[in-house]
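This report concerns only the one structure given below.
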Amino acid sequence: MAISPDVVLRESFGRREFLRRGAGALLLALGSVLPGCRAGEVRDEGGPFSDSERQILRAICNRLLPGGAGAPAAIELDVAGTIERLLRELGPHATSDFRSLLAVFEWSPLLFQAKPRRFTRLAPQDQDQVIRGWATSRIGFRRTGFVAIKRVAMSTYYAQEASWAAIGFPGPWLLS
Amino acid sequence: MRLHPNVVDTSEVRGLMRWEAEVAVVGSGAGGAVSAKELAEAGIDVALLEEGGYLRYSDFNQRERDMYRRLYRDQAAQATRDLSINVLQGRAVGGSTVINNCICFRTPERVLTRWQAEFGLEALSADSLRPYFERVEATLGVVPIVSAEVNENNRILLEGCERLGYRAGTFSHNRKDCVGCGYCMLGCPYERHQSVDMNYVPRALDAGCRLFTRCRVEEILTEGGRLAGVAGSVLDEGSGQPRAWFTLRAPLVVLAAGAIHTPALLLLNRLANGSGQVGRGLALHPLAASFARFDRLIDGFVGIPQSAYCNQFETLEDGSDGFILEGIFALPALFASICPSFGEEHLSMMRDYRHLSGMYAMIQDDGRGTVSLGEGGRPVIDYHLGERERHLIRRGLQESARIFFAAGATLVTTLLSQPLVLRGREEIARLEELSLRPNEMALFSAHPQASCRMHADPRQGPIDGYGESHDVPNLFVADASAFPTSVGINPQITIMTLASRQASAIRRRLGRPPLL
């Protein structure tokens, strides 16, 4: 239920503790060598993500927050870009777990469903199925990973005034 | 805004600062503010140290994106190691009293009786504490919430309970002329929330106490085995990183940094732990929320967020500890982060935002958690629900659903990642099947406690019945970590009452008249 997106990231990925227990350590180690998160992969403008990692995060955010009927989509409020900027401020130490998590996410159809597919190349409804698999997994690492990404994405999106009209929230009494 | 002249400006401090006082109080929340005021008014030279900033009403802008950052410990992201329970605490002058919902309960007699019988704390009777309760309540201006102040969200709880014949009521609170904006948890911009920064802290300052903000205590100083003061970092307001250092020499120290950071500080300094119990016994009062949809508009974000409760299950049929149900609501970013599911299903629930009513079960848990030291000496919270707590959560969610349906809800949902939606009371039994593995359901805590417990026996608790260390004379604890067990109710009045009683004892020791 954490709220400030930057701190959610720091608490989740800066301490390098919760994801590194049990199966989490193994999966993160695997994620660090999977395509989509290789150490040598080109990253631009000093950002924490390569283009492929950026695509994975955008794809996840777009399924978490697809928008519609008056609600802006995640991409319209630049949710993935905001998360990336926050991670950049935290530095490489804090972002490596997040990058590994993205790689595991990208390859989770193969890792957890024995389907030789990548998350970003699935149809939207199949992507939703993969995300649901993380949310309800018997593996604690996956549930925790889902919660961490969901929290930061949802709190980033709904802290923005542009999201409020769709849910009927009139906003604070005080003018900004 | 011009601050009191006894607020020491640390914004320009560089290098190593050296300060002195008769008493150092670490933390300015419910415990520390009371200590500072009650000691300073006896003419004692008190230095009050606060890690957070001194925000005033004009700083509170009702924006989640700003205020969680500025007012909360770890900017509202503090959590158990596995992220399964979010532990909310304030970090500012006034501590958690600035961001709580002003709920005022006296310590239940059944709890005091247990503390007397099982922890050797015979002096902690309801009768002996009564004058301290009264003094605290008078200082805060505690009054009952009247019917006209109960918003629609909380009225649903009362209506449901009435139809079911459940015992329920409205809280007493420390607000004055509330305007009902609903933003209590982001700090009150209208100065109606009577948090300790509105009463105890100003009175401490008027009495000569000096307040040092953005000062993080990291070291407890001893010399020749005797307590000598504290030391730590002065934090930069922008980055939160250390910018300077300080030592504060004081022969008596009151720790009131909260139930996570007080034990962490003692562990870091390898002090006062002859019992081996520092950091052990942590209780969290896990909060398990559910939300219900009503056809009419509820607008739970308007009005006093928490005004009604049900204490039918405070103790269960077999006499064991149970739970209290309290009305609750959340602003959009917070609610969205705990709202079940994702994608279109999540958006569909968010679209019902104005039609939702919220309630949580606050579990009186066993002290099965621990505070230990992690990377860089940072506190790490480990807490796992036991079978008793899981049972109470299931039961609490079932009773919440029963109340919602009795009040006319069309559906009830829990905060499971995979939504579990109940469409009628005949489906309530499905909640019995919840496994409640970590991170299956959003759980949170606003009441960490009992991690440095009072016990008459030095082998079984680090501090005695006045909160003084068994091992280190003149080292006191004045926050919720001192509770022997969880209290089962919102704890601010208990913290402040015990701190008042402790301050009276310290006054006597320092040759000043006692409080009462």
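The values are calculated or read from the model by the stated rules, or taken from the named source; none is laboratory data. This is a predicted model, so every value here is computed, not measured. Positions of Cβ are backbone-derived with ideal geometry, glycine not excepted, and every protein chain shown enters the neighbour counts. In case anyone asks, the SASA skips ligands and DNA or RNA and just uses the protein heavy atoms, side chains included. Shrake-Rupley method; radii C 1.70, N 1.55, O 1.52, S 1.80 Å.
Quick notes
- Qualifying positions in the range B:1-28 - of a type in the set (Asp, Glu) and open to solvent by less than 60 Å² (accessible area, probe 1.4 Å): B:GLU22
- Residues that are farther than 20 Å from B:GLY160 by Cβ and in contact with a strand residue (DSSP E or B) (Cβ under 7 Å, 6 or more places away or on another chain), drawn from the range B:297-337: B:THR315, B:ASP321
- Criterion violated by B:ARG390 - all others in (1) away from chain A (no Cβ under 14 Å); (2) surrounded by fewer than 23 Cβ atoms within 10 Å (Cβ to Cβ); (3) not in a helix (DSSP H, G or I) satisfied: (3)
- Residues that are within 21 Å of B:PRO419 (Cα to Cα) and more than 7 Å from chain B (Cβ to nearest Cβ) within the range A:133-156 comprise A:GLY133, A:TRP134, A:SER137, A:ARG138, A:ILE139, A:PHE141, A:ARG142, A:GLY145, A:ILE149, A:VAL152, A:ALA153, listed in sequence order.
- Of all residues in the range A:161-176 being more than 8 Å from chain B (Cβ to nearest Cβ) and farther than 18 Å from B:GLU344 by Cβ, the one that is modelled with the lowest pLDDT: A:LEU175
- The one condition from (1) among the basic types (Lys, Arg); (2) touching a residue at least 24 places away in the same chain (Cβ under 8 Å); (3) outside any helix (DSSP H, G or I) that A:ARG151 does not meet is (3).
- For the range B:233-256, taking the residues that are under 19 Å from B:ASP9 (Cα atoms) and of a type in the set (A, V, I, L, M, F, W, C), the one that is most open to solvent (accessible area, probe 1.4 Å) is identified as B:TRP245.
- Any hit, the range A:117-132, residues being at the interface with another protein chain (Cβ under 9 Å from one of its Cβ atoms) and of a type in the set (Gly, Ala, Ser): no
- Some residue of the range B:99-112 being over 19 Å from the mean Cα position of the chain (by Cα), polar (S, T, N, Q) and farther than 14 Å from B:ALA499 by Cα: no
- Within the range A:160-173, the residues that satisfy the criterion of being over 17 Å from A:ALA69 (Cα atoms) and open to solvent by 50 Å² or more (accessible area, probe 1.4 Å) are A:GLN160, A:PRO170, A:TRP173.
- Residue within the range A:115-137 that is open to solvent by 10 Å² or more (accessible area, probe 1.4 Å), touching a residue at least 60 places away in the same chain (Cβ under 8 Å), farther than 30 Å from B:GLU375 by Cβ and outside any helix (DSSP H, G or I) present: yes
- Residue within the range B:407-418 that is part of a helix (DSSP H, G or I), within 14 Å of chain A (Cβ to nearest Cβ) and open to solvent by less than 30 Å² (accessible area, probe 1.4 Å) present: no
- Of the helices (runs of 4 or more DSSP H) that lie entirely inside the range B:29-134, those containing 1 or more residues that are hydroxyl-bearing (Ser, Thr, Tyr), under 28 Å from B:ARG203 (Cα atoms) and open to solvent by less than 20 Å² (accessible area, probe 1.4 Å) span B:30-40, B:64-71.
- Taking the criterion of being in contact with a Ser or Thr (Cβ under 8 Å, 6 or more places away or on another chain), open to solvent by 10 Å² or more (accessible area, probe 1.4 Å) and assigned to a loop (DSSP other than H, G, I, E, B), the only residue of the range B:281-297 that qualifies is B:ASP295.
- Yes/no for B:VAL278 being buried (at least 24 other Cβ atoms within 10 Å of the Cβ), in contact with a Cys (Cβ under 8 Å, 6 or more places away or on another chain) and under 26 Å from B:ILE220 (Cα atoms): yes
- Search result, residues across the range B:378-387 that are over 14 Å from B:HIS447 (Cα atoms) and either more than 13 Å from chain A (Cβ to nearest Cβ) or part of a strand (DSSP E or B) (or both): B:PRO379, B:VAL380, B:ASP382, B:LEU385, B:GLY386, B:GLU387
- Subset of the range B:237-267 (residues that are in contact with a Leu (Cβ under 6 Å, 6 or more places away or on another chain), part of a helix (DSSP H, G or I) and closer than 11 Å to B:VAL217 by Cα): B:THR262
- Verdict on B:ASP352 being within 9 Å of chain A (Cβ to nearest Cβ), acidic (Asp, Glu) and either surrounded by fewer than 24 Cβ atoms within 10 Å (Cβ to Cβ) or more than 21 Å from B:ARG293 (Cα to Cα) (or both): yes
- Condition met for B:HIS346 (surrounded by fewer than 23 Cβ atoms within 10 Å (Cβ to Cβ), more than 14 Å from every other protein chain (Cβ to nearest Cβ), over 22 Å from the mean Cα position of the chain (by Cα) and assigned to a helix (DSSP H, G or I)): no
- Selection count, the range B:173-192, where residues are away from chain A (no Cβ under 11 Å), of a type outside the set (A, V, I, L, M, F, W, C) and surrounded by fewer than 21 Cβ atoms within 10 Å (Cβ to Cβ): 4
- The C-beta contact set for the range B:70-90 (first residue touching a residue at least 40 places away in the same chain (Cβ under 8 Å) and facing chain A (nearest Cβ under 7 Å), second residue in a loop (DSSP other than H, G, I, E, B) and aromatic (Phe, Trp, Tyr), distance under 9 angstrom, 6+ apart or interchain) comprises B:ARG81/B:TYR383; B:ASP82/B:TYR383.
- Every listed requirement among (1) facing chain A (nearest Cβ under 10 Å); (2) modelled with pLDDT of 95 or more is met by B:MET67 save one, (2).
- Every condition in (1) touching a Lys or Arg at 6+ places or on another chain (Cβ under 8 Å); (2) within 14 Å of another protein chain (Cβ to nearest Cβ); (3) among the basic types (Lys, Arg) is met by B:ARG18 except one, and the failing one is (2).
- Candidate set: the range B:490-516, residues that are under 15 Å from the mean Cα position of the chain (by Cα) and part of a loop (DSSP other than H, G, I, E, B); chosen: the one surrounded by the fewest Cβ atoms within 10 Å (Cβ to Cβ): B:ASN490
- Qualifying residue in the range A:79-100 (condition: in a helix (DSSP H, G or I), open to solvent by 20 Å² or more (accessible area, probe 1.4 Å) and in contact with a Leu (Cβ under 7 Å, 6 or more places away or on another chain)): yes
- Tabulated pairs, the range B:337-350, first closer than 13 Å to A:ALA73 by Cα, second part of a helix (DSSP H, G or I) and of a type in the set (Phe, Trp, Tyr), C-beta under 9 angstrom, 6+ apart or interchain: B:PHE342/A:PHE146
- Residue that is over 21 Å from the mean Cα position of the chain (by Cα), free of Cβ contacts under 8 Å to residues at least 60 places away in the same chain and open to solvent by 40 Å² or more (accessible area, probe 1.4 Å), where the choices are B:ARG395, B:ARG459, B:ARG437: B:ARG437
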